Every structure is written in structure tokens, then in C-alpha cells.
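One structure is given here, and the rest of the page talks about it.
Values quoted throughout were computed directly from the atomic coordinates according to the rules given, and no laboratory measurement underlies them. Just so it is clear, the model here is predicted, and its values are computed rather than measured. So basically every Cβ, Gly included, is an ideal-geometry build from the backbone, and we count neighbours across all protein chains shown.
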Amino acid sequence: MRALVQRVKRGKVTVNDSQVGSINKGVVVFLGVGKEDDIDDAQYLADKITNLRIFEDEEGKMNLSLRDIEGEALVVSQFTLYGDCRKGRRPSFYDAAPPEQAEELYQKFCKVMEEKGIKVEQGEFQAMMVVEIINDGPVTFILDSSKLF
């Protein structure tokens, strides 16, 4: 499972000109699910992102987590994180999970974050979305559960 995590002042997602999710201070998580991923990957990344110390303390050091600041998370499904662009000019999505598996693990990821006390908003799975982000920093991290175990 792969996540592109951006620290934000706020973010929102719209589908067909209708807002489906929005947050204030926190993180926007673009989440990709690979065909080899399972529930352990979802739990691992949800825990990692919830507790990752990427917010500044009173001394300006990245020392506080999403939980510490009572931040919010906007989670957007992003199968293109599994795009392989090494050959040719068109990305291959061979390693991306099929939609049924991806949606199940995406929902599990969101549920685990909520169980950890994080307010979670979501995009719309398999929809064409417009994502607006006010990046804070900018601070952006790429996490991959298969490389972190």
C-alpha cells in the first residue's frame, strides 16, 4: 500500500461540482492499494500516518503528530500511485489492486484512522475528483507499507 501524505492547512474534494469532503489543519492522504496488499498494510499505514511527527511544536521543530494537534485527514483513493512508467510512454497499472480489493482496504484504512481518534473525510472511490489543497510547508512524504515492514 502506498500513501502520498501532504501536511495541509485545509483541503477539499469535489465530484461533479459537489463537495464530498473537506478538512481543516491536518493531512491529505492519497492512498494507493497494491494487489499484494492486505489488512495488515492498511493498519500499518493508518497507524504510521496517525502518529507520524510532521507538525511543528512551539520551537518550530517537526515534533507533533496528527493526534497531538487533533488534526483531520482527507483520504483520496489514488490507484495511479501504482503506475509503472519505466517502459514505454503509457503507465502500466499491473501492480494496482482490482477495484473490489482496493475499496475494501481503502475503507479499512479510513476506519482504523477513525478508531485512533482522527476525523476522516473521504473522496469518492472510482470517481473523477477535483482535489484542492492548501499545502503547509510544503511538507510531503511518500510511504510504502511493503518497504517499511
Table column - 3J(HN,Hα) (Hz), the range 68-74, Karplus curve with 6.51, -1.76, 1.60, x for Gly and Pro = 4, 8, 6, x, 10, 10, 10
ask   = Under a straight-distance cross-link criterion of Cα-Cα below 12 Å, which aspartates and glutamates are reachable from K119, leaving out those fewer than 8 residues away in the same chain?
value = E70, E72
key: Projected-area average for the range 105-149 over all orientations - Cα convex hull basis, square nanometres   = 4.8
request  = Evaluate the Kirkwood expression for the hydrodynamic radius of the range 1-69, namely the inverse of the mean inverse distance over all pairs of different C-alpha atoms, and round to one decimal in Å.
outcome  = 13.6
remark   = For the chain, the longest principal axis of the Cα atoms and the Cα long axis of helix 99-115 enclose an angle in degrees, to the nearest 10, of 10
inquiry  = How tilted is helix 39-51 with respect to the longest principal axis of the chain? Cα atoms for both, answer in degrees (0 to 90, nearest 10).
reply    = 30
task = Give K35/K147; K87/K108; K61/K111; K48/K108; K25/K116 a once-over and call out the pairs whose C-alpha atoms are over 23 Å from each other.
result = K87/K108; K61/K111
ask   = So in the chain, what percent of DSSP beta bridges are antiparallel if you round to the nearest 5?
value = 75
query = Considering only DSSP states other than H, G, I, E and B, which trypsin sites (Lys or Arg not before Pro) in the range 22-55 qualify as loop sites with at most 15 other Cβ atoms within 10 Å?
reply = K35, R53
request  = Would you please name the chymotrypsin sites (Phe, Trp or Tyr not before Pro) within the range 26-134 that are DSSP coil residues with at most 10 other C-beta atoms within 10 Å of their C-beta?
outcome  = Y94
query = How large is the convex hull of the Cα atoms of the range 2-148 per residue, expressed in Å³ as a whole number?
reply = 116
task = Give a quick list of GluC sites (Glu not before Pro) in the range 1-59 that DSSP marks as loop, anything other than H, G, I, E or B, with at most 12 other Cβ atoms within 10 Å.
result = E36, E58, E59
request  = Per DSSP H run of n ≥ 4, the term is -39500 (n - 2.57); total these for the chain, divide by its residue number, and report the mean residue ellipticity at 222 nm rounded to 500 deg cm²/dmol.
outcome  = -7000 deg cm²/dmol
